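Structure first, then comments.
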Amino acid sequence: MAKALENIPQMNHENLIVGYEKSDDAAVYKIDEQKAIIQTLDFFTPVVDDPYVFGEIAAANSLSDVYAMGGKPILAMNIVCFPNCLDMSVLGEILKGGQAKVQEAGALLVGGHSVEDNEPKYGLSVTGIVSPNKVLKNSGARPGDVLILTKPIGTGVLNTAIKGEVIEIEHYNEAIKVMSSLNKYAAEVFHDFTINAATDITGFGLVGHLVEMAKGSETTIEVFSGQVPIISGAIDYAAMGIIPAGMYNNRDYFEDDVHYANEKIKNTPLCDLLYDPQTSGGLLLSLPEKDGGKMVEALKKNGCLSYSIIGKVHDKKEKYLIME
């Protein structure tokens, strides 16, 4: 997608705070000195068989971009592709799951648009609000910052195990919990801290989003591989070769920007998971090291699934990412 956008002229405006030039999660447009709107959309094919749960996951994923920009979602509209061979009750359950997450976010679901398609797809267009001087971007990381991740990784591998019908029930339930959880609870503690950069972890995997943050910030990020939280069972499935094609795509695309400080990690299941494309992943936050411990405690108290310090930001070196 990034390459396709290279040949499209960028549209600039004095009120456009964030466009697509640095692969941020959403667009931000300034209304006045006190308010800006965040606009985003996302949708995808089912990752689970349960239509209600699929609706929850897709909605949580769509809402995540607003939280990653430091905002609060206020309006959402359904995006639906649905085949005529399926019973409409299935679509009803998908929409109910989505609505439940929009309500949990404190936003309003106000309609949407549907088209007939051979494969179901669902997601949301979301509008959020944010103060213009509190917009978070993925390009503000500063040397000396620490990095915190608010959800464990591994959903790409686990979704592959789900599709292959080889996943154990406890791992399935944990994957569903991670994917359907809103990043709202991480965003609620932002106002107490200075966050220099933020993004949510989705299809590019943890490594891809780390590289994007480092490139946008003109820094090098050191990731502490052993401290990255991982969903239970994900390493075992990866060791069995249950790996999505997106992991290989991410590795092909981003590995030239990675320096392996320990070569032994390069061909391990853990390394695979660091490239694993995530569905409705957590937020990656870059903030001053002095606030790292306090942020961890705040995230823990607010019920976040993870609150791990997983890396540190350095001055720009030869590679954008150092994998320890």
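Bear in mind that the values in this text are calculations on the coordinates, not laboratory data. Treat the numbers as computed from the prediction; the structure is a model and nothing was measured. As a convention, Cβ positions derive from the backbone with ideal geometry for all residues, glycine included, and neighbour counts pool all protein chains shown.
Assorted remarks:
- Whole-angstrom gap from the stretch 205-224 to the stretch 125-177, using each part's C-alpha centre: 15 Å
- Projected area averaged over orientations for the stretch 2-134, convex hull of C-alpha atoms, nm²: 9.0 nm²
- Mean residue ellipticity (222 nm) of the chain, computed from DSSP H runs ≥ 4 via -39,500 (n - 2.57), nearest 500: -10500 deg cm²/dmol
- Sequence-distant lysines (8 or more away, or on other chains) whose Cα lies within less than 25 Å of Lys319: Lys3, Lys22, Lys137, Lys215, Lys264, Lys266
- Over 20 Å (Cα to Cα) - which of Lys134/Lys184; Lys151/Lys317; Lys184/Lys300; Lys290/Lys312 fall in this group: Lys151/Lys317
- Bins of 10 Å from zero: percent of alpha-carbon pairs in the chain: 6, 27, 36, 25, 7, 0
- Equivalent-ellipsoid semi-axes for the stretch 145-323 (Cα gyration tensor, √(5λ), whole Å, largest first): 25, 21, 12.
- Rg/Rh for the stretch 134-218, where both radii come from Cα atoms and Rh is the Kirkwood radius: 1.05
- Kirkwood Rh and Cα Rg combined as Rg/Rh, the stretch 226-324: 0.98
- Extended-chain gain in nm, criterion 0.36 nm per residue less alpha-carbon gap, Val115 and Thr45: 23.8 nm
- With the convex hull of the Cα atoms taken as the outline of the stretch 74-172, the averaged projected area works out to 10.2 nm².
- Farthest towards the positive end of the charge dipole of the chain, among the residues Val110, Ile322, Ser139, is the Cα of Ser139, using unit charges on the Cβ of Lys, Arg, Asp and Glu.
- For the stretch 166-264, convex hull volume per residue from C-alpha positions, Å³: 138 Å³
- A straight line joining the Cα centroids of the stretch 72-121 and the stretch 258-315 runs 31 Å.
- Alpha carbon convex hull of the stretch 134-176, projected area averaged over orientations, nm²: 4.9 nm²
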